[in-house]
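The values are calculated or read from the model by the stated rules, or taken from the named source; none is laboratory data. Keep in mind that this is a model prediction, so the values were computed, not measured. A quick note on method: Cβ atoms are made from the backbone with ideal geometry, for glycine too, and the neighbour counts reach across all protein chains shown. Just so you know, the surface numbers come from the protein's heavy atoms only, side chains and all, with ligands and any DNA or RNA stripped out. Shrake-Rupley method; radii C 1.70, N 1.55, O 1.52, S 1.80 Å.
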Amino acid sequence: MTRRFTGGRLVIASHNAGKVREIGQLLAPLGAQVVSAAELGLPEPEETGASFAENAALKARAAALASGLPALADDSGLVVPALDGQPGIHSARYAKEAGGFEAAMSKLWHSLPEAVDRSAHFICALALAWPDGACDIFEGRVDGQLTWPMRGCHGFGYDPIFIPLGYNQTFGEMAPEAKHALSHRADAFGKLMASAFGK
Ligand code: IMP
């Protein structure tokens, strides 16, 4: 059974200031006083897991053990089944190695053999860990299709080539609120809220 968070300090196990701010805003109405791993001077563990869930769990566990506080971590990425699941858990690294997101999107699209399945999905795994080592995972997903050329300037990462199922616009063309209502992150947060915060 999922352990409930009943208020107090919660570490966001991320050194990404934007991510910490966004998660803090989401959790503030639930009685969580958010503090980041960077503010506490916690080291960033290497992401050696074989799945989104494993990477989220190892980041959350390391922060909870080092701080003595409950800790929340996320791990996310884009999965393309026709490319054997690439870039997957290596989505950030794939972009870095390609020389940025525009180059990464071009490389990804042009790696797809012609007339194959262009379906893709984003995954977000959230891990809530406790100082005694307990950890619950909440996984969110949004399915869609890849498209080319890139469209739209909202969002980040691979958003300009991803069209969620049932829509005509890419995530990059959608207003941020529209993307946030149906994204993999929204799905994972909904599950976290329902189970761990009782909302
Ligand atoms: P993380 O910070 O290690 O979870 O890196 C996730 C990576 O996955 C990001 O750098 C992006 O490349 C990609 N990604 C995750 N979520 C999204 C999204 O909502 N839109 C576009 N790209 C995303």
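Rolling a 1.4 Å probe across the protein heavy atoms gives the chain an accessible surface of 49 Å² per residue.
At a 1.4 Å probe radius, carbon and sulfur cover how many percent of the accessible area of the stretch 59-130? Result for the stretch 59-130: 51 percent of the exposed heavy-atom area is carbon or sulfur. Give K96/K191; K19/K179; K19/K96; K59/K179 a once-over and call out the pairs whose C-alpha atoms are over 24 Å from each other. With Cα atoms farther than 24 Å apart: K96/K191; K59/K179.
The stretch 139-153 and the stretch 14-82 have Cα centres separated by 24 Å.
Loop exposure criterion: GluC sites (Glu not before Pro), DSSP state outside H, G, I, E and B, at most 14 other Cβ atoms within 10 Å. Applied to the chain, the longest stretch between such sites is 115-199. Considering only R61, R141, R93, the mean-square fluctuation computed in a Gaussian network model of the chain, springs between alpha carbons under 10 angstrom, is largest for R93.
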